[in-house]
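Trainee: Before I ask anything, here is the structure I am working with.
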2 protein chains.
Amino acid sequence: MFITPSFKIYGGVAGFFDYGPPGCAVKQNVTQLWRDHFVVEENMLEVECCSVTPEVALRASGHVERFTDFMVRDVKTGESYRADHLLEDALRAAVRDAGQAADTARDLLPRVGDMGMAEIDSALNQFGVKAPGTGNDLTHTWAFNLMFKTQVGTRGAKEAYLRPETAQGIFSNFKELLYYNGSKLPFAAAQVGTSYRNEIAPRGSLLRVREFTQAEIEHFCNPNDKRHPKFDSVSDVEPLLYDRATQLAGLPAASETLGAAVKTGTIANQTLAYYIGRTYVFAQSIGLDVSRVRFRQHLANEMAHYATDCWDFEVQCAHGWVECAGIADRSTYDIDAHATSSKVDMRAYEQFPEPRNVDVLTIVPNKKILGKVFTKHAQAVINALNTMSECDAVEMAGKLRAGLVARLALDDRHVDVHPGFVTIDAGKKLVHGARFAPAVIEPSFGIGRIMYCMFDHCFYTRDDGQRTVFAFRPSVAPVKCAVFSLVNTHALNERAQLVAASLTKKRLVHALDTSGISIGKRYARTDEIGVPFGITIDHTSLQDGTVTLRERDSTAQIRLHMDEVPTVVKALVDGDLSWTQLQAQGVSSG
Amino acid sequence: MFITPSFKIYGGVAGFFDYGPPGCAVKQNVTQLWRDHFVVEENMLEVECCSVTPEVALRASGHVERFTDFMVRDVKTGESYRADHLLEDALRAAVRDAGQAADTARDLLPRVGDMGMAEIDSALNQFGVKAPGTGNDLTHTWAFNLMFKTQVGTRGAKEAYLRPETAQGIFSNFKELLYYNGSKLPFAAAQVGTSYRNEIAPRGSLLRVREFTQAEIEHFCNPNDKRHPKFDSVSDVEPLLYDRATQLAGLPAASETLGAAVKTGTIANQTLAYYIGRTYVFAQSIGLDVSRVRFRQHLANEMAHYATDCWDFEVQCAHGWVECAGIADRSTYDIDAHATSSKVDMRAYEQFPEPRNVDVLTIVPNKKILGKVFTKHAQAVINALNTMSECDAVEMAGKLRAGLVARLALDDRHVDVHPGFVTIDAGKKLVHGARFAPAVIEPSFGIGRIMYCMFDHCFYTRDDGQRTVFAFRPSVAPVKCAVFSLVNTHALNERAQLVAASLTKKRLVHALDTSGISIGKRYARTDEIGVPFGITIDHTSLQDGTVTLRERDSTAQIRLHMDEVPTVVKALVDGDLSWTQLQAQGVSSG
C-alpha cells in the first residue's frame, strides 16, 4: 500500500494517487531530509502559500496565456489528442517511408517543440494527418490550458486557478521576504507544497500526475553577481554532466568537477553549479545510485526565452531517464513580470562598498515653452518628464540631440517632445548604491518522481527472485524497526510490548508482530516494505534480557540488551552509528 | 511575517493567507507535535490523499447536496447575504420591539439553525425582511454549495471538487487500510492536509479561511464495542466539560474526570473520552493555557442526524471561545454511505471468541412455481431471493406470513412475491463471527485555529507594555536559538559563526546576528518572534571559550562552554532538560 489510485472504489480518475501508510511515511521522510539538506542547512526562508491563486497573478506570470498544450479532436468521436504528438508520429512515418515528403519531414521533426499553433496546424494539414485508429478528420488545432480553474466567492465570483507550481506564491511575497531578511541579497526562499496540472495524458503512476508535491527553492541574487559564498564546498563534486554540446554531438554524459565546469563556462554560474552539487549530494544521501544520475543541460529550444541556463536532474530507471528536478537560471523575468503587473516596486537595493561617481543624464523641462505648447496639460507633461526612467531619458536625449522628435507617454496618451522643449543635462553624480530587480535561480524538485526513482533503485530480490526487498536507507524507511516475539506466548509478547513502548518513547516508528508465525516469513514480510532492522525476543531474552537485532540487507544479527535497543536503533537511523561499527562492538550471533 | 494575505501585491482575496518564515516554522512544529502525540504514539495509519475529489464521492458523502448555506440576494444591488443570519437579526428585532409578532419570533429564534430552505424563505416573507442598508426586496432563498468546483480532463471533463475535509479520502481507502492492518479492528487512520471551503464571509484572520490545514483521525471500531484499550491512561484527566444539560441550564462548564464522565454517561463512550483526554494533554504540551480550554458537547440540533455524540474542543481567546477541534461519534454513517454508493463491500469481519448459535431465517425459492409465473425471468428472481440480505428476508417473511404480497427488487424493476412462491425456513445456525460496517469516531483538528489560539495565549508584554514577547514552548518556537556577537568584530563574528554551524549540525534552527547593535535591542527583537534561547559571544569567549545562554521568559543567563551549546540547546528544545535543571548545574551570571 505504498500508493493506490485515489477514490478507487469509484473507479478513480486518471492521474490522482493516494499514499498509503508506508508510502506516506517514505514521502514524509524524503521531504524532511530535503528540508534538512537544503532549507535548514542554508537557513532558507521557508513559506507556505495558498494553492488557490487569483487569475491576475497567473496572468502576470504568463501561465494563463502560455501554460497550454496544443490539441486536436477527432471530428466524429470527439477524442482529443496532443497535436505535437500526432505531428511527430506522422513526420517519423514520412521519414521511414522515404517518399517525396521525407526530406521536409526530416527537417521539421526536430522543430516541432518550437512550433506555434498556426504552424503545427498547417503542418498537420500538409501531411494529411488523420485521427489515430479511426482515420477520421481532425479539427483545427486549439490551445488547452493545463491549469484547473475554479471560482471564489458567491456573486461576481473571482476566477482563480489551482497553482501549477508553488513558485508564484514565493515571488508575490518577495518584497516582504527581502525585508524579513534585513533587505540583504542573496537569500533563498523555499516552499514544499501541492501543485496541480490538468495533464492530458497522465501516465507512469507517479511520473505524470495531476496533483503532486513540489519542493521549490527560489534563490534571489544580484543579476550581475551570481557567485555563491559556499561554492567551494561543492567544487570538487564530480557528477555526470550532459551539456548541450555533448548532446548535439551524440556523445554520452561525462563526469566533470563543478569547479572545472564553471571555469570553462559549461555551467553558466556558481549558484547554478552550487545547487547542482547539493542536489547530487542529496541524491546520494537518500539512497539513489549516483552512477545512474546525471545533469542534462536544456537545449536552446527547450528553455524559456528569458532563461539563461537550465539543467535537469535526471535519474535512470527501468523505463529510461526520469526528470526529477530542474535547476534554472530564470534571470529577472519573474520579479519583473509581477512588478509590472502589480505596479509594486519589487526592486532590491544594494549599497556599493565605495560610493561611485557615475554619469547621469537629466532631462530638465523648459516650463515656459511647455506651458505655451501644452497649455492646461503642461503640468502632466512636466511630471512625466521628471519621473521618467533613466533608460527612457537616454533614449529621449539621443533623439533630441539628433534633431528628431521624441514621444513621451502620459497616463492616457502620448505627446511629441521637440528639441528645445527640454534641456539635456549630462553630468556626474556620487551614487551610494543601486536598485535592481533580483535574478532568480530556481531548483524545483518533484517529490513523487524522486520517490519513484528511489523505489526503482532500492528494489532487489533474493532467494532466486522469490523474495523482494526494498533497500531503503534507514532515514527513508517507512518503518524503522520490527519487533517480534519468537513464539506467541504471554511472557514473550509482554517483553515485545515493552521493547515496542521503548521505541515509541524515542519516536521510532515500528511494527509489533506477536503472531508467532515462522520468523523467516516475518523477516520476509518486513523486507518487502524495506524495514531496515528487526528485533526478536526469544526464550533467552526472558533469562538475561538480551534480544537479537537483525540488519535487512546483510541479514546479519547481533545480540544486545533490550535496554540498549532504542538508543542503538535511533543512532543507526540517524546515521550516527553504522551497522559495521555496531558489529565491531557487539556480539554477533548471526 | 507570521501570516500575510495571499497575493497581497494584487490586493489579495479574502480568506486566503500565506505563512511567512516564522509562521511556517511554527505550523510545521505544531503539526509534527500533533503527529508525534497522536499518530506515532498510537501507531495510527497515516495516509495522504488527493484534494481534487470526483463528484461521485462527495455525492455519496452528502456534501454535494447538503454542504450548503442558504442565501438571499438584494434584488437591486445583487449583494448576497446568509438567509439564516438576516432572519435571526429580524427575529431578534421583533422580540425587542415587543409588538404583535414578538411571541412568534421568540419561538422561532432558537429553531433557525434547524430550518429547511422553504421554511426560512417563508419566515423571511412573514417578517417582511428586506436587504440590510438598502431596504430593497430580497430574492427567494437559494442554496449555495461551499465547495470549490473544477473540471478534470479535456473532453467530457469530469466534475470534481476540492475536498471540504480530508476525511473522505480515508473512508474511500477503508477497505485497503483494514487489510493493511491485518483485517483487525479497532484501528485509527490519520491525515494531515489542506481542505478548501468557499466561505461566504471569511473573517478573523486564521479563524474562518477558505484554504486551511486539517489534521483528522478516523478511529474505526465495532459499533457495539466502543471501549478503548488505553482509556485508563486518561481516566484521571480532569478537563472542563460543558455538557448539553449544563449549557441548557445556563450554568458554566465544570471540571470532571473522564472516568466519571463515562461512568455517568455524560460522554457516550470510552473512545470519545479517550480522544478528549488526549486532546487536553496535547493542548497543554503545545503551550495552551488549559484553564481556558473546555470541551463543549453539541446540542441535539447541532449534530448531524446520524451522530451519536459530539464534543468541540474550544479555546478561550481575547475574542471569545474558538472551536479548534470536533470529536464526534459518527456511527456507521460514513462507511455505509460509501458502501452503498460504490457497491463495494466495506464491512469488517469479527471472529467471535466462541461460535454462537443464532436464529436464522432463510427464504427458499419454490423453483417450480416461480418458473411458471416468471417464465424466462424466473432465474433472475431466484438469484435475487438467494442473495437477499437477512434484513430483507425478515421483512419478506413477515409479509408473506401475514398473507400479504411482498415486493422484490431485481436489477431493473420490482416483482411481486405471493405466499407460496417461496418457503420460509426458520432455524438455528452456528456462527463463528459477524460482518459489520465499522463505526467512526472522528477527532478533527484545525491547525490554523490552534495556532491562532496559541498566539493569543503565548503573547505578553514587558517593560510597561513597550516590549512584546511570544512565550512559545521551545518545541513550538520557529527559531530555537539566536546567536549574537556582542560587538561587530572579526574575531567575535568568527566565533559566532562557529557556534551557528554547530547548531546547524544538530538541525537546530537558529538566527545569527553580528550587527553589533545593543544586545538589549537584539534580545527584544528575538523575543518578538518567541525565540526561547539566546547565545552571546563576548570577549571572555575568546579567552576561555565560554558563552552566555539566556532564557527568554526569565531573562536569566548562565555561562557554558561553546562546545556544550548544541547538546544543551537540543536537550532544552526536546524537553529532555529544563531550564531550572540547567541552572542548578550551570554557573549563573544573569
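The values are calculated or read from the model by the stated rules, or taken from the named source; none is laboratory data. Just so we're clear, the structure is a prediction, and the values are computed from it rather than from any experiment. Reconstructed Cβ throughout: ideal geometry from the backbone, glycine too, with neighbour counts over all protein chains shown.
Trainee: Just to verify a result, which residue in the range A:248-276, among those that are part of a loop (DSSP other than H, G, I, E, B) and of a type in the set (Val, Ile, Thr), is surrounded by the fewest Cβ atoms within 10 Å (Cβ to Cβ)?
Mentor: Ranking the candidates gives A:Thr264 first.
Trainee: For the range A:540-590, how many residues meet the condition of being assigned to a helix (DSSP H, G or I) and hydroxyl-bearing (Ser, Thr, Tyr)?
Mentor: Of the residues in that region, 4 qualify.
Trainee: Any chance you could count how many residues in the range B:53-67 are surrounded by fewer than 24 Cβ atoms within 10 Å (Cβ to Cβ), facing another protein chain (nearest Cβ under 8 Å) and in contact with a strand residue (DSSP E or B) (Cβ under 8 Å, 6 or more places away or on another chain)?
Mentor: Result for the range B:53-67: 1.
Trainee: Looking at (1) within 18 Å of the chain's Cα centre (by Cα); (2) at pLDDT below 95, find the lone condition where B:Ser183 falls short.
Mentor: (1)
Trainee: Given the criteria among the hydroxyl-bearing types (Ser, Thr, Tyr) and not assigned by TED's automatic domain parsing to the domain that holds B:Arg550, does B:Tyr460 qualify?
Mentor: Yes: the conditions hold for B:Tyr460.
Trainee: Criterion first (over 16 Å from B:Thr271 (Cβ atoms), in contact (Cβ under 8 Å) with a residue 40 or more places away in the chain and in a helix (DSSP H, G or I)) does B:Gly193 satisfy it?
Mentor: No; evaluated as a whole, the condition is false for this residue.
Trainee: For the list (1) more than 17 Å from the chain's Cα centre (by Cα); (2) at the interface with chain A (Cβ under 7 Å from one of its Cβ atoms); (3) over 19 Å from B:Arg208 (Cα atoms), I need the number of the one condition that B:Thr4 fails.
Mentor: (3)
Trainee: Inspect all residues belonging to the range B:447-461 and state whether any of them is out of contact with any Ser or Thr (no Cβ under 8 Å at 6 or more places or on another chain) and assigned to a strand (DSSP E or B).
Mentor: No, the range B:447-461 contains no residue that is out of contact with any Ser or Thr (no Cβ under 8 Å at 6 or more places or on another chain) and assigned to a strand (DSSP E or B).
Trainee: Something else now. Among all residue pairs at least 6 apart or on different chains, which show Cβ distances below 9 Å where the first residue, located in the range A:196-215, is more than 12 Å from chain B (Cβ to nearest Cβ) and more than 16 Å from B:Lys158 (Cα to Cα) and the second is hydroxyl-bearing (Ser, Thr, Tyr) and surrounded by fewer than 18 Cβ atoms within 10 Å (Cβ to Cβ)?
Mentor: Listed by first residue and then by second, the contacts come to A:Ala215/A:Thr31.
Trainee: Which helices (runs of 4 or more DSSP H) does the range A:77-182 wholly contain that include 2 or more residues that are more than 13 Å from every other protein chain (Cβ to nearest Cβ) and in contact (Cβ under 8 Å) with a residue 24 or more places away in the chain?
Mentor: In the range A:77-182, A:83-97, A:117-126 are the helices (runs of 4 or more DSSP H) which contain 2 or more residues that are more than 13 Å from every other protein chain (Cβ to nearest Cβ) and in contact (Cβ under 8 Å) with a residue 24 or more places away in the chain.
Trainee: OK, next. Within the range A:14-66, can you find the residues that are free of Cβ contacts under 8 Å to residues at least 24 places away in the same chain and part of a loop (DSSP other than H, G, I, E, B)?
Mentor: A:Gly20, A:Asn43
Trainee: Now a separate question. Within the range A:11-22, does at least one residue satisfy the condition of being more than 7 Å from chain B (Cβ to nearest Cβ) and under 16 Å from the mean Cα position of the chain (by Cα)?
Mentor: No: zero hits.
Trainee: Just the residues that are hydrophobic (A, V, I, L, M, F, W, C), in contact with a helix residue (DSSP H, G or I) (Cβ under 7 Å, 6 or more places away or on another chain) and at pLDDT 95 or above, please, taken from the range A:286-316.
Mentor: Answer for the range A:286-316, where residues must be hydrophobic (A, V, I, L, M, F, W, C), in contact with a helix residue (DSSP H, G or I) (Cβ under 7 Å, 6 or more places away or on another chain) and at pLDDT 95 or above: A:Ile286, A:Leu288, A:Val290, A:Val293, A:Phe295, A:Trp311, A:Phe313, A:Val315.
Trainee: Continuing with this model, one more query. When residues of the range A:214-241 are filtered for being part of a strand (DSSP E or B) and either more than 14 Å from A:Thr279 (Cβ to Cβ) or at pLDDT below 95 (or both), how many remain?
Mentor: So the count comes out to 4.
Trainee: For the range B:247-270, does any single residue satisfy the condition of being within 30 Å of B:Val26 (Cα to Cα) and in contact (Cβ under 8 Å) with a residue 60 or more places away in the chain?
Mentor: Looking through the range B:247-270, none of the residues is within 30 Å of B:Val26 (Cα to Cα) and in contact (Cβ under 8 Å) with a residue 60 or more places away in the chain.
Trainee: Can you pull out every residue in the range A:284-320 that is out of contact with any Asp or Glu (no Cβ under 7 Å at 6 or more places or on another chain), touching a residue at least 60 places away in the same chain (Cβ under 8 Å) and among the aliphatic types (A, V, I, L, M)?
Mentor: A:Ile286, A:Leu288, A:Val315
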